[in-house]
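First comes the structure, then the notes that go with it.
Any read-out appearing in this document is the output of simple, stated calculations on the displayed coordinates, not a laboratory observation. On a predicted model such as this, the values are computed, not experimentally measured, just so you know. Reconstructed Cβ throughout: ideal geometry from the backbone, glycine too, with neighbour counts over all protein chains shown.
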């Protein structure tokens, strides 16, 4: 009977009903989801005006060197953003057509931009001075890409004329054409380990691997993606590539002879861009794990763990997504949409606390041990001794009973101020809580008296809540009946108030809509159930 | 024959002189509990009817604190004197009248030995019940306040202080100078003379009020009387009996200077200086008690809140959420200990200045007001092996009570709510079914709808931690059968399967779902899921049970009995045609005999053979409950011959093969 006294004077906060949760969230996914969620719109940058442009953002590219500036290509402009402050630094506008792609050189000093006329322009990233113009493509150059390792002289470009060209930038000459694609070349990447290996993807459903050392013999390898290839990237090892086309992302093993390792089909619409991301949380040895970030026209950004072949995170944006970029230092994530919005997410950086004086402090206690005075009750520290002591690992912790936090409505419930509790819940705006409070009121038989006592503005809150939530299936059972009672009880007030009438009209529409849906669902059920019965009989 | 589960709260308890023991009137006996462990240490057996009051002989000197003597009064018309340390009966006084309360004022006032060294006689004031009437007049019981000489073991003849129909319990002031009681709308108070003898004159006063009184308390030192009424008001009279008790008869002319301004709040010609009213309780005040120094007044009522009033300022302090109406409050000789008796058959021991509940002595919480609602009966479930019974209580809990030890084992909070005893019951735990080994439990709770809004039935599955013997919630299923309520639940004896039947015409089988067999997986991933749904002609399912070997599920669909294969969810057979919807179904042990009962206008008890699929015999009996022995083929029924006479029941033993009862 020991437990009884403890529970005796306890109060129970009003909780929403338990709902089944999805089982997919394993133990490992949770910190990762938290990590990806931590990319937020930075608060210190106030209202980035240039964040939204008018035209689709066709390409986002990060500079490989600190501070990782990035360039976004949209219409006839390439905007350079500062990697530190995330503000738009400058614009490059002297292009002959609309910018189709942009890429930084491995040292971040030069920026190559391909435009819709087929010209590739090379700018100095800092001064924006136009250095070279590489002409050769007959149609829009959708692919520009510098070798990633150390080569600063060459450049790869591909265009809608289905040709891939390898340039010597200094002389503005095309060293050779890489022929083989039969449709627009829209994407490509350079190998992270070798300066001579490139990959390109085309609308002819093929991905071709090129080695510029053996350029004459055509492509080294050809992979059939099966759908027009929208994006192709090398994974960090250089042995795997990921390609996207249609709504699938495929992972290939190029060292193992172009074997298809995995097909990811979780997007609903065309996957428009891929990029490499890194998960860096904690300080443990597996701190940095690579992920593939994919964005699609369905508005989802998904994070794919290619070591486990598992989607670890997905996030929805309100617009079709066209391009994605992730800064090499894992601090910034940029997503461009077809409506010209740029979603910049920055992770809060932890303060790097390198304690300079740490060493001396460590040494001190040992030396001081015997010199330290024995504390006496005359001294103030005598009474605070041991208070800052941390428990050792093996110590048994006697925990303080956890303090239950009470929401405002719970406190009011404790005082039996039912109407105020009801209004407090309504103003909080959490629909689950409001319904839980309503259920508690029903259990106390006070709901209807609360409803009839509500004043004008409070009634407005309630009716607005009903209008928003009454047709949601999980609440409908309670709220529809309540809505009827509210109308019955407060008909005079509703008639006299313009806003309430408005809400009720909306509610009526929602109910009508819901009835229509129910009707059509019933029809579908009518069609399906005989089929199911037949199927059950056969089996 | 065992008897147990007695009420601990029929009368106020009493503390021993050292405060280490508490004496509780439990039916025909007085139980002695230790206040430190809240366990029973002894029992005083001897009375033949309910013990109504217990008075501990106080210690007059510090050295006699170890003395453990007490007087008890009972409805059997005797007063007994005990040594409760032994425990041993020392004396019995028979007065022939049932006693409903007793006080002994002379224990409390300082007794001075008379000049010849002899202690004066001890008088007890008792409230007796006398049945009057007869000769064509209806019988009625009259309560009388009488005086009894305990030293000479006899009633004092001719002294009847008061007589009335509705006399409340007699209360004595802590100083022993006054006794009083409440009767309807007035209080009556007598002054006990310092040297009490058989024929002595009493000075008395009456205090009036517009509402019926429910509680009364005397201030320990001053002439202050507090009384509570049915509306929750507490009235405090100061200077009571200023004229009547002030000693000098000659001051009778003091009455002349009374006028309204002088005596605020005092009604008409009541003898008091002033009267103040405190109103916090919303329902009747049932417990009132002054602290020993008189600075505080404790009050308790139906709300289940103990209120401490500072007498001078009227400031309040609370011990809320006791969960049950407070019946009595008593402080012990030990200043740090006091106790409250609650209507849910619990006595809480409080650590005083902080008002913390130290421990509780709890009896069985019998459901009293549960069957107010049609179709929401309460069920008491007995686990035969451990002798433990599970009782749903009013404050949304299930109490496990050991029948063999006659004490509470544990309590499980089914629904996370606080019970406000004054409120109407809106949430009911109405069905409990433990599995055969008590490792899991299934409960059904119902929240009543408010004018058709928000009714909710939830089915909960609980898992028992075998080490700690506590139940933890494993699965909650809201509205398992759409809108309709659950009529019965039953566990399959062989494995983890539960059937729940609803009035809405279907039954569901629930199984425990182990996702994967990996041991390190969290407990939350295991839950109960619906395995199968079945219905028979959309008829309301009223009762269900599994056969002893778990191979057959029997569900009553109104008047017929349907047999199902629980694994394949197939209807095996339909038998029977009873005159009324079947209310209970029970298999007799492991045999293939099934008992069904139905109630209503044409009740019936029938025994069916499952092997022959037909009725063997039946009786037209109004059966309240059926129980079966586990191994043999006998069963017992608690039956009433007429549905109307609730009191008279018959327990009959039957053998399944034979319609002739084995014993009645």
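For the reader, a short list of remarks on this structure follows.
- Compared with the dominant Cα axis of chain A, that is its longest principal axis, helix A:358-368 is turned about 50°.
- Euclidean distance of C-alpha centroids, region B:436-498 and region A:383-407, integer Å: 37 Å
- Per-residue Cβ neighbour counts within 10 Å put B:598, B:240 in the sequence B:598, B:240, beginning with the fewest.
- Rg over Rh, two decimals, region A:31-346 (C-alpha only, Kirkwood Rh): 0.94
- Model label sites at residue A:87 and residue A:149, defined 7 Å from Cα along the beta-carbon direction, differ in position by 4.0 nm.
- Once both labels are positioned 7 Å from their Cα atoms along Cα-to-Cβ, the gap between residue A:487 and residue A:128 label points is 6.1 nm.
- Once the convex hull of all Cα atoms in chain A is built, its volume per residue stands at 309 Å³.
- Near-label residues of region B:560-589 by backbone N, under 19 Å of a point 7 Å along Cα→Cβ of residue B:620: B:577-583
- Counting only other chain Cβ atoms within 10 Å of each residue's Cβ, the peptide A:427-440 averages 1.
- Sites residue A:309 and residue B:533 - FRET efficiency at Förster radius 45 Å, r taken between beta-carbons, to 0.05: 0.75
- From the alpha carbon centroid of region A:124-161 to that of region B:15-60 is 100 Å.
- Exposure proxy for B:126, A:92: other Cβ atoms within 10 Å of each Cβ, ordered fewest to most, give A:92, B:126.
- The angle between the Cα long axis of helix A:418-428 and the main principal axis of chain A comes to about 10°, on a 0 to 90 degree scale.
- Across chain A, Cα pairs under 8 Å and at least six residues apart give a relative contact order of 9 percent.
- Calculated on C-alpha atoms, the gyration radius of region A:476-518 divided by its Kirkwood radius gives an Rg/Rh of 1.01.
- Computed E for residue A:54/residue B:292 - FRET, C-beta separation, R0 56 angstrom, nearest 0.05: 0.05
- Per residue of chain A, the DSSP helices (runs of n ≥ 4 H) give a summed -39500 (n - 2.57) that works out to -8500 deg cm²/dmol at 222 nm.
- Inter-chain shielding of A:253-262 (mean C-beta neighbours from other protein chains, 10 Å cut-off): 0
- For region A:125-185, the gyration tensor built on C-alpha atoms gives a prolate shape. Its axis ratio a/c (a ≥ b ≥ c) is at least 1.5, and a/b is the larger of a/b and b/c.
- Across peptide B:446-453, the mean count of Cβ atoms from other chains lying within 10 Å of each residue's own Cβ comes to 6.
- Relative contact order, percent, region B:392-511 [alpha-carbon distance under 8 Å, six or more residues apart]: 15 percent
- Relative counts (whole %) of C-alpha pair distances in region A:47-174, using bins that are 10 Å wide: 14, 48, 31, 6, 0
- Equivalent-ellipsoid semi-axes for region A:408-538 (Cα gyration tensor, √(5λ), whole Å, largest first): 35, 19, 11.
- Normalised size of region B:520-621, defined as Cα radius of gyration per 2.2 N^0.38 Å with N residues, equals 1.22.
- Whether region B:7-92 is rounded, prolate or oblate, judged on the alpha carbon gyration tensor where a/c under 1.5 counts as rounded: oblate
- For region A:182-329: relative contact order, % (alpha-carbon pairs under 8 angstrom, 6 or more apart): 14 percent
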